[in-house]
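The values are calculated or read from the model by the stated rules, or taken from the named source; none is laboratory data. Owing to the predicted nature of the structure, the values given are computational and were not obtained by experimental measurement. Neighbour counts are summed over all protein chains in view; Cβ atoms, including those assigned to glycine, are modelled from backbone coordinates with ideal geometry.
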Amino acid sequence: MRALSKFLGGVFLAACCTGAQAQGVDIKAALDRILAHPARDERFVVVDDPDSGKFVQFDMRNDEIAIDLPVVALSAAERERATTLFASAGVSGPRTVTDQQPDGREWPLATFQLGFGGDSARAAEFATRVMQEVFLLPRGMVTPAEWARFVAGTVTPRFPGGFTVSQATGQWRSEGGGIVREASNVLVLVHPDDAASERAVREIVAAYKSAFQQEVRVKARACASF
């Protein structure tokens with residue numbers, strides 16, 4: 001489970017989300033809802049994992065979305081991973097901002113910040129990456145957009161002659177012994193029985209596991225003639 005917390009002008013609302021949260025779908029919806037309240041002076045979205053206590057927050061004043069990841073909330077290893085992730089987005093490192101306390105005092109705070117304008121989709125995707133790449137939390141289901149990018153960027157170059165993709169509802173026993181039921185993407189490849197094709201399939205499987213941290217049900221062999 002993931003918890004999604006929304007702060008609307010001092011009013012605290014909380015909603016629990018399923019694995020779809022990790023796709024960025026629910027995060028985007030929350031950002032869009034708050035962008036629809038332009039009268040709010042203080043608008044924040046906090047995405048947190050209740051099991052680990054890890055969180056990502058967005059500052060959404062002035063109808064723009066900015067991710068805000070305080071350094072004080074990070075371990076040394078997490079700070080190193082955050083530095084790498086934010087650098088990939090053009091942010092050289094944490095910056096020091098002034099946090100206004102309720103009693104009027106100003107408190108300097110080091111934080112990683114990145115703005116997205118009004119692009120809630122990009123903001124939600126980056127929040128998901130923070131959860132996965134900085135905090136190393138498991139992700140949820142692969143979104144249709146992520147799957148389409150994977151097929152275009154990883155499968156097509158290796159099998160340009162063609163393949164079949166379909167959606168299914170699957171069930172299997174995980175490595176931990178539990179029964180897993182979820183929507184699945186099925187990739188069917190018809191290829192020569194040679195070393196090059198076998199290598200390409202292994203590369204696709206490895207790339208999928210690396211990108212999405214999910215188990216892969218690998219192929220069954222079949223012979224065909226035309």
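Key figures for this structure:
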{"read-out": "Pick from segment 61-93, criterion at pLDDT below 90 and in a helix (DSSP H, G or I), ranking: nearest to the chain's Cα centre (by Cα)", "value": "A73"}
{"read-out": "Positions within segment 182-203 being surrounded by 14 or more Cβ atoms within 10 Å (Cβ to Cβ), assigned to a helix (DSSP H, G or I) and modelled with pLDDT under 90, in sequence order", "value": "S197, V201"}
{"read-out": "Pairs where the first residue, in segment 113-129, is under 16 Å from R149 (Cα atoms) and the second is part of a helix (DSSP H, G or I) and not hydrophobic (A, V, I, L, M, F, W, C), C-beta under 6 Å, 6+ apart", "value": "A121/K28"}
{"read-out": "Cβ pairs under 6 Å, 6+ apart, first in segment 184-209 and farther than 15 Å from T154 by Cα, second surrounded by 11 or more Cβ atoms within 10 Å (Cβ to Cβ)", "value": "S184/G170; H191/S197"}
{"read-out": "Residue ID - modelled with the lowest pLDDT, chosen from residues in segment 46-60 that are in contact with a Lys or Arg (Cβ under 8 Å, 6 or more places away or on another chain) and buried (at least 20 other Cβ atoms within 10 Å of the Cβ)", "value": "V47"}
{"read-out": "Filter pass, A127 being of a type outside the set (D, E, K, R), part of a helix (DSSP H, G or I), surrounded by 12 or more Cβ atoms within 10 Å (Cβ to Cβ) and modelled with pLDDT under 80", "value": "no"}
{"read-out": "Any hit, segment 10-22, residues being surrounded by 12 or more Cβ atoms within 10 Å (Cβ to Cβ) and either in contact with a Phe, Trp or Tyr (Cβ under 9 Å, 6 or more places away or on another chain) or at pLDDT 80 or above (or both)", "value": "no"}
{"read-out": "Any hit, segment 63-72, residues being out of contact with any Lys or Arg (no Cβ under 7 Å at 6 or more places or on another chain) and surrounded by fewer than 11 Cβ atoms within 10 Å (Cβ to Cβ)", "value": "yes"}
